[in-house]
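S.K.: The structure follows.
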Amino acid sequence: ENSSPGNLQRTGPAQWHQIYEDCRGDRQSPVNIVTRNVVYEKSLKPLSFEGYDVKGSAKWDVQNNGHTVKVALDASPKIGGGGLERKYKAVEFHFHWGLLTEQQILSPGSEHSIDGEKYPMEFHIVHIREDASDVTEAKKSPDGLAVLAFFVEVGGEIFNCPSQISGFSPVVFPGGSAKVDPLPLSSLLPPEEDLERYYRYQGSLTTPDCYQGVIWTIFETPVQLSLRQLSQFAALHFDGKNSTPMMENFRPAQPLNGREVLWSGASIALPTAQLLLLAFPTSLNVLGLNFLLFSLIFVILCLSLS
C-alpha cells in the first residue's frame, strides 16, 4: 500500500485514525472472517488471470519502503471476472508477517484471519482499474483498487522464488532497492483449481491513507514458504542500522460495521446425501435421511434393471 516510510511504524496503527481521516472510516481493512456468517454469492465465479503466466522481460524492482518489502511490477498482468465489474491491472505485491526467527515462527502475522485464526504471513497483489494510469488516479474512483490476498503457511518451497528472496540483502534498510529476475505471477499462487474458493468484501488499504475503495479477494488455500525462506524477512529493518527489525508489520482486524463478507463456494462438493436433501422440498426433508437413502437405492435398482 502506498504510504511514506518511517513514520507509519513510529506512530503505529492505533494512532493512524488520529492522523489520517480515511483511517477513521467505516469500511476499513483487514477483517476477521467468521465463516458461519459469510454469504454465498453465486456470481463469484473463478477469476480470469491475463498475463499471470507470462515471465516479463523487465526485472522486478524490490524495495524496502519502511513498513514492508514491495515488488513493483511493469508488465501489468490483469484480473477480471469473479464478480468484478471491470478489469484491474497488477502494479505491485508486498508482504505482512509476524515475529520470525531463523528457527521458528514466534507469532503469526497475516492481516486477515479466518474464525480468529491467523497465518504466519499474508501477501497482497495490488491491482488498479485498467483505465487508470497509476494508483493516485485509481484512488479518484470509489472502486479504484482490487487486492488479491493469499495466506502463507510453512511448508515446502512451493512459492518457487528462493533466489528472489535471498536477494533481500540490498533492501535490509528503508530506501534500499534491488533488481531481481522476474517470475510469472502464477508461480506465486496456489494451484489453479484452488483459486475458485475465495472470500470477497469491500474494504480499504491496510496502511495510510487507508483509502476505502478496495475490493478484497481473500483466497482460502494458502501458499507455502519454507521456514528458511520466511526467515529471510527477519533481516529487514523499519529504519536505519541498529533500528527495530521489521516484524509484526500488520494492522489489527477492523470492525465490519455491517458489511457482508461474500463467499464463492466454488468447487465445494457436498456429500451426495446432503446435496439431494437440498434439492428436495422442505416438507420431504422431515421424513429423514433413511427415506432419502432408500429412495436413492430404489432409483439405482430401477435403472439397473431397465
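The values are calculated or read from the model by the stated rules, or taken from the named source; none is laboratory data. Please read these numbers as outputs of a predicted model, since none were measured by experiment. As a convention, Cβ positions derive from the backbone with ideal geometry for all residues, glycine included, and neighbour counts pool all protein chains shown.
S.K.: Pick out, from region 1-108, the strands (runs of 3 or more DSSP E) lying fully within it that include 3 or more residues that are at pLDDT below 95, in the same structural domain as F123 (by TED's automatic domain parsing) and not aliphatic (A, V, I, L, M).
M.R.: Numbers: elements: 47-50, 60-64, 69-72, 78-81, 88-97, 105-107.
Strands (runs of 3 or more DSSP E) meeting the threshold: 60-64.
S.K.: Quick check: anything in region 68-77 farther than 25 Å from N32 by Cα and under 16 Å from the mean Cα position of the chain (by Cα)? It would help to see each step written out before you state the result.
M.R.: First, pick out the residues of region 68-77 that are farther than 25 Å from N32 by Cα: 71-77.
Restricting the remaining residues to those that are under 16 Å from the mean Cα position of the chain (by Cα) gives 71.
Scanning region 68-77, I find at least one residue that is farther than 25 Å from N32 by Cα and under 16 Å from the mean Cα position of the chain (by Cα), so the answer is yes.
S.K.: If I ask for residues that are of a type outside the set (A, V, I, L, M, F, W, C) and part of a strand (DSSP E or B), which ones from region 200-217 would you list?
M.R.: Within region 200-217, R200, Y201, Q202, G203, T217 meet the criteria.
S.K.: Mind listing just one residue for me: the one in region 239-281 that is of a type in the set (A, V, I, L, M) and at pLDDT 60 or above and, of those, nearest to P120 (Cα to Cα)?
M.R.: Of everything passing the filter in region 239-281, M247 is nearest to P120 (Cα to Cα).
S.K.: Checking T206 against (1) over 26 Å from G175 (Cα atoms); (2) buried (at least 20 other Cβ atoms within 10 Å of the Cβ), which test does it fail?
M.R.: Checking T206 against (1) over 26 Å from G175 (Cα atoms); (2) buried (at least 20 other Cβ atoms within 10 Å of the Cβ), the one that fails is (1).
S.K.: Working only within region 124-141, note down all residues that are under 20 Å from the mean Cα position of the chain (by Cα) and of a type in the set (A, V, I, L, M).
M.R.: I125, V126, I128, V135, A138
S.K.: Modelled with pLDDT under 95, part of a helix (DSSP H, G or I) and among the hydrophobic types (A, V, I, L, M, F, W, C), is that true of I158?
M.R.: Working: modelled with pLDDT under 95: yes; part of a helix (DSSP H, G or I): no; among the hydrophobic types (A, V, I, L, M, F, W, C): yes.
The answer is no for I158.
S.K.: Out of everything in region 162-199 that is in a loop (DSSP other than H, G, I, E, B) and within 18 Å of the chain's Cα centre (by Cα), what residue ends up being modelled with the highest pLDDT? Talk me through it step by step, then tell me what you get.
M.R.: Within region 162-199, the first condition is being in a loop (DSSP other than H, G, I, E, B), and the residues that meet it are 167-168, 172-176, 181-184, 189-191, 197.
Those left that are additionally within 18 Å of the chain's Cα centre (by Cα): 184, 189-191, 197.
On the way: P184: 92, L189: 94, P190: 93, P191: 92, R197: 97.
Ranking the qualifying residues of region 162-199, first place goes to R197.
S.K.: Return yes or no: is E111 of a type outside the set (S, T, N, Q), farther than 16 Å from S29 by Cβ and at pLDDT 95 or above? Full working, then the answer.
M.R.: Numbers: of a type outside the set (S, T, N, Q): yes; farther than 16 Å from S29 by Cβ: no; at pLDDT 95 or above: yes.
Considered against the rule, which asks whether it is of a type outside the set (S, T, N, Q), farther than 16 Å from S29 by Cβ and at pLDDT 95 or above, E111 comes out as no.
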